[in-house]
Amino acid sequence: MLMRVLAVLAASLALTGIAAGQTWPARPITLIIPFAPGGGIDASARIQAQALGEQLGQTIVAENMGAAAGMVGSQRVARAEPDGYTFLIGNTGTHAYNQSLYKQPLYNAAIDFAPVGLVSESPRILVARKDLPVKDLREFVAYVKANQGKMQYASAGVGSGTHLPCALLNRALGVEVTHIPYRGAGPAMQDLIAGRVDYMCDTIQTGAAQAKAHTVKGIAVMAMKRVPIIADLATTGEQGLPGVEASVWNAFFFPKGTPDPIVRRMNKAMGDMLENAALRKRLQDLGLEIVPPERRSPEYLAKFLSEEIERWGKIIKAAGISAD
């Protein structure tokens, strides 16, 4: 009798999910952007919100909720009703870094969300003060190893997307360089330009622009392949240092328990959106690399997220980094 009841309940839930998928979306959807307005993720998220709304035939309202390195906005989605009307644009920071940076993160990124799909990646770029006496990565490595005790590297703050890539780099080089955290990437870059710090693992958007303007020295792109925004700068792997690739990725998530038909429909809308040439160009102009179709499924994102949490957790623990 119990098994029969459970089977009936399971069938009922499945039918409810199918019905929800058929009628969804029946009203506007809210996209939570877990960072303050004006940043790179804000710009790309708003472009995608409009495009997804057009695909789904419904308005998507973009709402910023920036605090605690993206955890407050992400927690709101984790706790939202799993009805398909609230979703999140998360990234490496909200769903990988924070799981190890904090002793008690506000959510479990691996189980408190329903993955929708991976959208894009944005590699870091290693840039140095313009008068650092090196011309490429090999000379940079030799210089840092010889002068690590008196060098400093900058970041946008402890545990930020400009901190952990440099922590990864330093660990690979076997060096201990003083970390200078700033309140944002802007002030950090200003001091690098002024020569007050020695290097930085910056966003590709800002770092490439400054390198091309010759206000800083471009050393290497921390990615598997070169990027169009600064195509003449070789990658770390090309220059003899594989394994230090560091990209900040962006992905969409629903709350855990969102009916699978809704997840699938949003994933399809996302995929169709990313095949639009005009939209792709807008995102690429922001320095984002669109992931290929085989990396866009909910299943891929779930597996990828688990690997990212493990990868960055090891780096964070080995470097003794904490945001508490």
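The values are calculated or read from the model by the stated rules, or taken from the named source; none is laboratory data. Computed from a predicted model, the values in this text were never measured in an experiment. Don't worry about glycine lacking a Cβ; one is built from the backbone with ideal geometry, like all the others, and counts go over all protein chains shown. All accessible areas refer to the heavy atoms of the entire protein, side chains included, with ligands and DNA or RNA removed. Shrake-Rupley method; radii C 1.70, N 1.55, O 1.52, S 1.80 Å.
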Hey, what do the phi angles of the stretch 241-253 turn into as Karplus ³J(HN,Hα) couplings, whole Hz, using 6.51/-1.76/1.60 and θ = phi - 60°, x for Gly and Pro?
10, x, x, 10, 5, 9, 10, 8, 9, 10, 8, 9, 9
If the chain between Glu54 and Ser306 were fully stretched, how many nm would it gain, using 0.36 nm times the residue separation less the Cα-Cα distance?
87.6 nm
Which of the trypsin sites (Lys or Arg not before Pro) found in the stretch 148-189 are in a DSSP loop and have at most 10 neighbouring Cβ atoms, other than their own, within 10 Å?
Arg183
Counting only heavy atoms of the protein chains, get the accessible area per residue of the stretch 176-241 (1.4 Å probe) and round it to a whole Å² value.
47
Let me spell out the model: positive unit charges on the Cβ of Lys and Arg, negative unit charges on the Cβ of Asp and Glu, origin at the Cα centre of the chain. What dipole size does that give, in debye rounded to 20?
220
Sites Asp272 and Lys145, calculated FRET efficiency, Cβ-Cβ separation with R0 51 Å, nearest 0.05:
0.55
So what's the Cα pair-distance distribution over the stretch 258-324, bin width 5 Å, in %?
3, 13, 16, 16, 15, 14, 11, 8, 2
For the stretch 200-266 the chymotrypsin sites (Phe, Trp or Tyr not before Pro) that pass both the DSSP coil test and the at-most-16 other-Cβ-within-10 Å test are none
In nm², the average projected area of the convex hull spanned by the Cα atoms of the stretch 16-97 is 5.6
With runs of 4+ DSSP H residues as the only contributors, calculate the mean residue ellipticity of the chain at 222 nm using -39,500 (n - 2.57) per run, divided by the residue total and rounded to the nearest 500.
-13000 deg cm²/dmol
Equivalent-ellipsoid semi-axes of the stretch 170-239, from the Cα gyration tensor, Å, largest first
20, 17, 10
Amide H to amide H, which residues 5 or more places from Ala220 or on other chains are under 5 Å from it, using H placed in the peptide plane?
Leu126
Counting only C-alpha contacts under 8 Å and six or more residues apart, can you give the relative contact order of the chain as a whole percent?
27
Semi-axes a, b, c in Å (a largest) for the stretch 203-324, each sqrt of 5 times a Cα gyration tensor eigenvalue, come to 29, 22, 13
Return the Cα extents of the stretch 68-132 along principal axes one, two and three, sorted largest first, each rounded to a whole Å.
55, 29, 16
Along the stretch 70-80, Karplus-curve 3J(HN,Hα) (6.51, -1.76, 1.60; θ = phi - 60°) to the nearest Hz, with x for Gly and Pro, reads x, 6, 5, x, 5, 5, 4, 5, 4, 9, 6
Report, by chain and number, residues whose modeled amide H sits under 5 Å from the one on Ala156, excluding near sequence neighbours (fewer than 5 apart, same chain).
Thr162, His163, Tyr182
